[in-house]
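First the structure, in the form of structure tokens, and then the observations on it.
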Amino acid sequence: MTKIQNFDFNNDFPQDFTWGVATSSFQIEGASSADGKGPSIWDTFCLDRANIKDGSDGTVACDHYHRYREDVGILSSLGVDAYRFSMAWARVQPDGKGAWNEAGFGFYDRLLDELAANDIRAHLTLYHWDLPQGLQDDGGWLNRDTAHRFADYAHEVARRFGKRIEAIATHNEPWCTANLGYGNAQFAPGVADLKQSIQVSHHLLLSHGLAMRAMREASSPAKLGIVLNQWTADPATDSQADRDMAAFEYARSTQWFMDPIFKGHYPELALRGHGANAPQVRDGDFDIIRQKIDFLGCNYYFRSWCSAANPPLPAPARLGTTDMGWEIHPQGLPELLLKLKEEYPELPPVYITENGMANPDTVSGGQVHDPERIAYVRSHLAALKEAMDKGVDVRGYFLWSLLDNFEWNSGYSKRFGIVHVDYATQQRTLKDSALWYREFIAARRAGA
Ligand code: FCB
């Protein structure tokens with residue numbers, strides 16, 4: 001067992017702070033056509049082997065669909081308060097419209113029972129990128145009607161499960177759906193068209209607002225919100241060009257999704273920059289999007305480093321980079337949170353819904369030594385505490401991820417889990433970081 005390091009940072013998090021881990025449906029469930037599940041756009045995207053670095057797909061993934069009891073057992077042994085996971089829309093409504101699939105709902109029913117039996121609170125995400133292919137065939141998120149289909153789905157989930165779930169997020173990282181799915185074709189559905197990606201971002205925001213309304217109508221007692229991937233944007237130098245670039249980058253990413261929700265309009269700077277690619281917005285859209293949310297989920301991995309030079313100046317990466325090549329920059333987290341608090345006076349309580357790192361972990365003698373991940377998490381918790389001490393209302397932290405899993409277009413080549421998965425045998429092995437997190441949470445409980 002790993003030697004537990006001293007908690008040498010100001011770690012007196014509130015006693016009722018929520019400690020959790022996160023996953024998503026497509027990345028872990030597998031069983032991609034079991035019990036009436038329809039195909040999603042990620043099933044389709046993986047059919048073209050060139051789209052995924054290792055030519056893999058989500059047919060089996062971590063086989064969580066069949067092993068959920070074992071996985072909840074691991075959650076329980078870690079002592080987490082809450083588990084963040086997503087629902088595969090195509091499992092519960094194979095075509096994304098029309099009939100519900102009772103067998104699909106049955107899986108989430110059993111999962112929620114298992115969580116409750118282990119005293120673990122459920123934080124559900126409705127959409128973590130796996131759109132039913134049937135809706136893609138009708139135009140996907142470029143078709144405004146998809147936003148209405150999403151609201152129907154949200155209503156049904158809230159009606160059925162609302163009482164058993166602590167928090168429901170409409171979307172996970174709509175920035176990625178729009179920019180990677182439609183902007184540069186790295187993610188499903190694999191479109192590279194800037195104008196389309198911007199229109200898609202508007203429909204995603206619209207769908208968020210419609211879903212919020214639909215879930216409130218279902219009288220769901222769950223807290224309702226959205227999960228955004230967010231970052232600050234730092235100019236590489238003091239030059240005007242770098243500073244302009246950073247301002248535009250921040251406006252087109254973080255503010256692009258925050259302003260409509262909290263201010264009822266798009267940020268002026270980004271709109272100007274988008275020019276003729278600006279989205280078509282109908283009268284009343286912003287009234288729908290600007291709903292009071294109960295919480296904001298913030299996924300933080302890195303900052304954006306903006307250099308207008310050719311070639312661009314690389315980020316300093318003083319603490320190194322992860323296996324994804326992402327700069328480790330914990331200080332960006334409090335900078336971001338403090339900025340949000342200042343810019344959005346109506347900011348609701350925040351949950352860090354994802355944070356973690358990929359590392360090339362291997363098992364030896366039944367152990368996985370990942371001191372890099374422990375250091376990563378510790379440094380980000382220290383940074384998070386700094387933001388809280390300066391007045392940001394943060395209620396919980398979800399480590400990404402419980403398990404090594406299908407990392408989108410990187411396939412299984414990147415390992416984000418605190419639990420190692422041997423994909424040939426589906427053997428789970430707790431990494432040192434899992435043991436560390438367990439001790440850390442237990443110490444919090446004991447008030448250490
Ligand atoms: C986030 C995604 C999550 C995972 C992590 C590494 O952008 O929400 O599914 O891929 O990155």
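Show Arg282, Arg243 ordered by accessible area, largest first, where the area counts protein heavy atoms only and the probe is 1.4 Å. Could the numbers behind the result be given before it?
Details: Arg282 150, Arg243 105 Å².
From most accessible down to least: Arg282, Arg243.
Once you have a ≥ b ≥ c as the square roots of the Cα gyration tensor eigenvalues for segment 23-107, tell me rounded if a/c is under 1.5, and otherwise prolate or oblate according to whether a/b is larger than b/c.
oblate
Please report the accessible area of Arg121 (heavy atoms, 1.4 Å probe, ligands and nucleic acids excluded) in Å², nearest 10.
Rounded to the nearest 10, the figure is 90 Å².
Report the charge-dipole magnitude of segment 209-264 in Debye, nearest 20, computed about the Cα centre from +1 at each Lys and Arg Cβ and -1 at each Asp and Glu Cβ.
Computed about the Cα centre, the dipole is about 480 debye.
When the Cα centres of segment 277-307 and segment 324-338 are compared, how far apart do they sit, in Å?
Measuring centre to centre over Cα atoms gives 19 Å.
So if I take the centroid of the Cα atoms in segment 69-134 and the same for segment 42-57, what is the distance between those two points in Å?
About 24 Å separates the Cα centre of segment 69-134 from the one of segment 42-57.
Need one word for segment 238-334: rounded, prolate or oblate. Basis is the Cα gyration tensor (sqrt eigenvalues a ≥ b ≥ c); a/c below 1.5 gives rounded, then a/b vs b/c decides.
In terms of gyration-tensor shape, oblate.
So, taking all protein chains as they sit and a 1.4 Å probe, how much accessible area belongs to Asp389, in Å² rounded to tens?
90
In deg cm²/dmol, rounded to 500, what helix-only [θ] at 222 nm does the chain give when every DSSP H run of at least 4 residues adds -39500 (n - 2.57) and the total is split over its residues? Present the calculation step by step, with values, prior to reporting the outcome.
On the way: 16 runs with 172 residues, N = 448.
Rounded to the nearest 500, the figure is -11500 deg cm²/dmol.
Of all accessible surface on the chain at a 1.4 Å probe, what whole percent is carbon and sulfur?
Answer for the chain is 50 percent, counting heavy atoms of protein chains only.
Rounded, prolate or oblate: which one fits the chain, using the alpha carbon gyration tensor with axes a ≥ b ≥ c (rounded when a/c is under 1.5, else prolate when a/b beats b/c, else oblate)?
It comes out rounded by the Cα gyration axes.
Once amide H atoms are built 1.01 Å from N in the peptide plane, which residues 5 or more positions from Leu224, or in another chain, come under 5 Å H to H?
For Leu224, the qualifying residues are Ile168, Asp294, Phe295.
Enter the accessible area of Met388 (Å², nearest 10), with the probe set to 1.4 Å and all protein chains included.
Looks like 30 Å² after rounding.
Just tell me which lysines come within less than 17 Å, Cα to Cα, of Lys97; anything on the same chain fewer than 8 places away is out.
Hits, sequence-local ones excluded: Lys37.
If the only charges are +1 at each Lys and Arg Cβ and -1 at each Asp and Glu Cβ, what is the size of the charge dipole of the chain around the Cα centre, to the nearest 20 debye?
Working: 44 positive and 58 negative charges, 107 e Å.
Around 520 debye, computed over the chain.
Lys/Arg Cβ at +1, Asp/Glu Cβ at -1, dipole of the chain taken about the Cα centre: which of Ala103, Val200, Leu135 is farthest positive-ward?
Towards the positive end, the residue furthest out is Ala103.
Under 13 Å from a label point 7 Å along Cα→Cβ of Ala241: give me every residue in segment 311-352 with its amide N that close.
Residues 311-313 fall inside that zone.
Per residue, how much accessible area does the chain show when a 1.4 Å probe rolls over the protein heavy atoms, in square angstrom?
It amounts to 37 Å² per residue over the chain.
List, in order, the whole-Hz ³J(HN,Hα) value for each residue of segment 208-218 obtained from phi through the Karplus relation with A = 6.51, B = -1.76, C = 1.60 and θ = phi - 60°; use x for Gly and Pro.
4, x, 5, 5, 4, 4, 4, 6, 5, 5, 7
Karplus couplings for segment 108-124 from phi (6.51 cos²θ - 1.76 cosθ + 1.60, θ = phi - 60°), rounded to Hz, Gly and Pro as x?
5, 4, 5, 4, 5, 4, 5, 5, 4, 4, 9, 6, 10, 7, 9, 10, 9
In terms of Cα to Cα distance under 24 Å, which lysines are near enough to Lys431, apart from those fewer than 8 places away along the same chain?
Lys3, Lys414
Give me the percent relative contact order of the chain, please, defined on Cα pairs under 8 angstrom at least 6 residues apart.
It rounds to 18 percent for the chain.
Please list, in order along segment 148-158, the HN-Hα scalar couplings obtained from phi with the Karplus expression 6.51 cos²θ - 1.76 cosθ + 1.60 (θ = phi - 60°), rounded to whole Hz, x for Gly and Pro.
Ordered by residue, 3J(HN,Hα) equals 6, 4, 5, 5, 4, 4, 4, 4, 5, 5, 5 Hz.
For Val21, list long-range residues whose amide hydrogen, built 1.01 Å from N in the peptide plane, is under 5 Å from its own amide hydrogen.
When sequence neighbours closer than 5 places are left aside, the close amide H contacts are Ala82, Arg84, Leu399.
Return the subset of Lys223/Lys263; Lys53/Lys292; Lys163/Lys195 for which the Cα-Cα distance in this structure is over 30 Å, preserving the input order.
Correct reply: Lys53/Lys292; Lys163/Lys195.
Using modelled amide H (1.01 Å from N, peptide plane; none on Pro or chain starts), what sits under 5 Å from the amide H of Val368, excluding residues fewer than 5 places away?
Excluding prolines and chain starts, which carry no amide H, the hits are Asp432.
Could you size up the charge dipole of segment 327-448 around its Cα centre, putting +1 on the beta carbon of Lys and Arg and -1 on that of Asp and Glu, and report it in debye to the nearest 20? Don't skip to the answer; put the middle values down first.
On the way: 14 positive and 17 negative charges, 81 e Å.
Computed about the Cα centre, the dipole is about 380 debye.
The values are calculated or read from the model by the stated rules, or taken from the named source; none is laboratory data. Because the structure is predicted, anything quoted here is derived from the model rather than measured. Because the Cβ atoms are built from the backbone with ideal geometry, glycine has one as well, and the counts that use them run over all protein chains shown. Accessible surface is based on the protein model in full, side chains and every heavy atom, while ligands, DNA and RNA are left aside. Shrake-Rupley method; radii C 1.70, N 1.55, O 1.52, S 1.80 Å.
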